[in-house]
Amino acid sequence: MNDFKSNPHRQLYLKWLFMILLTGLIQYSGFSQSDSHKIKISRDLELIQISNDAWVHVSYFETKNYGRVGANGLVFIDGHKAFLFDSPWNDSLTRDLVSWLADSLKTEVVGFIPNHWHDDCMGGLGYLHRQKIESYANQMTIDISQTKGLEPPKHGFKDTLELALGDKIVKCYYFGPAHNLDNIVVWIPSEQILFAGCMVKSLNSTDLGNIADGDLLAYPQTIARLIYQFPNAKIVIPGHGPFGGLDLVHHTRDLLTKSNNWKNTSVPGRIGK
């Protein structure tokens, strides 16, 4: 036994074996919020680091119907430039986030993409536009915003959008109606992060939440496409509540099954990744 402990080759083998097992565990179970580093910017705003280049921002707002609600967004950084996916609830919180990134991380937000048209996704769009930050969205989001008298994002797309941030790629997909008619998802291949937004529910959700602007009949098909498209996602971020792995998407499917008495849905071919 003493020879084994003192043998450097055997010790190296044990370290290698441990890393293989750890990597497999992470890939199987996904990433949990307890694994991350949290920074509290203010009472209503916090940042949670989930990789070297990615942070979840969580902002809180006192809503009329649901009380104090936390909403998730994503900051993805390459060098000293960043994309913002969903803003905090309003201009003030968005200003606090952008200022903190600039002051603490020396990082400039250069692009913004909302998941859909609700305030918990693009409530800070006005501030971002005043800072000359480019905005991109599903064309449906732009159209709905204009219909409702809201300031719309500037650049629209249909079905898919690919953006470059330094040498990193970000892909946006529209798979169909779900929580909202216009909701998209964001995939970051280098990090294997899926920012699914409000169409995916956290594991502590017991129902589908607010679907007043959604499509309950189309929702299962959209989730089926999501499951089919991203089987290797390591980190899945919902619109509200703790993030995790692919189990969040399967949990959402289970909630839909209970809600719709929905079983199997045929799935079209995967969109190019």
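The values are calculated or read from the model by the stated rules, or taken from the named source; none is laboratory data. None of the values given here were measured: they were computed from a predicted structure. Glycine also receives a Cβ, built like all others from the backbone with ideal geometry; neighbour counts cover every protein chain displayed.
Structure values in brief
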read-out	value
Test: residue in the range 213-226 that is more than 15 Å from the chain's Cα centre (by Cα), of a type in the set (K, R) and part of a loop (DSSP other than H, G, I, E, B)	no
Qualifying residue in the range 219-226 (condition: in contact (Cβ under 8 Å) with a residue 60 or more places away in the chain and among the small types (G, A, S))	no
Check on G124, under 24 Å from G244 (Cβ atoms) and either acidic (D, E) or touching a Leu at 6+ places or on another chain (Cβ under 8 Å) (or both)	no
Some residue of the range 125-132 being touching a residue at least 60 places away in the same chain (Cβ under 8 Å) and of a type in the set (A, V, I, L, M, F, W, C)	no
Scope the range 195-205; condition out of contact with any helix residue (DSSP H, G or I) (no Cβ under 8 Å at 6 or more places or on another chain) and either among the hydroxyl-bearing types (S, T, Y) or part of a strand (DSSP E or B) (or both); matching residues	F195
All positions within the range 26-67 that are of a type outside the set (S, T, Y), more than 24 Å from M199 (Cα to Cα), in a strand (DSSP E or B) and at pLDDT 95 or above	I39, K40, I41
Index of the failed condition, D96 passing every other in (1) in a helix (DSSP H, G or I); (2) modelled with pLDDT under 95	(2)
Residues of the range 148-181 satisfying the condition of being charged (D, E, K, R) and more than 15 Å from the chain's Cα centre (by Cα)	K148, E151, K154, K158, D159, E162, D167, K168
Residue within the range 68-88 that is of a type in the set (K, R), in contact (Cβ under 8 Å) with a residue 24 or more places away in the chain and not in a loop (DSSP other than H, G, I, E, B) present	yes
Hey, V110 at pLDDT 95 or above and assigned to a strand (DSSP E or B) or not	yes
Every residue from the range 59-77 that is of a type outside the set (F, W, Y) and more than 16 Å from I113 (Cα to Cα)	S59, E62, T63, K64, N65, G67, R68, V69, G70
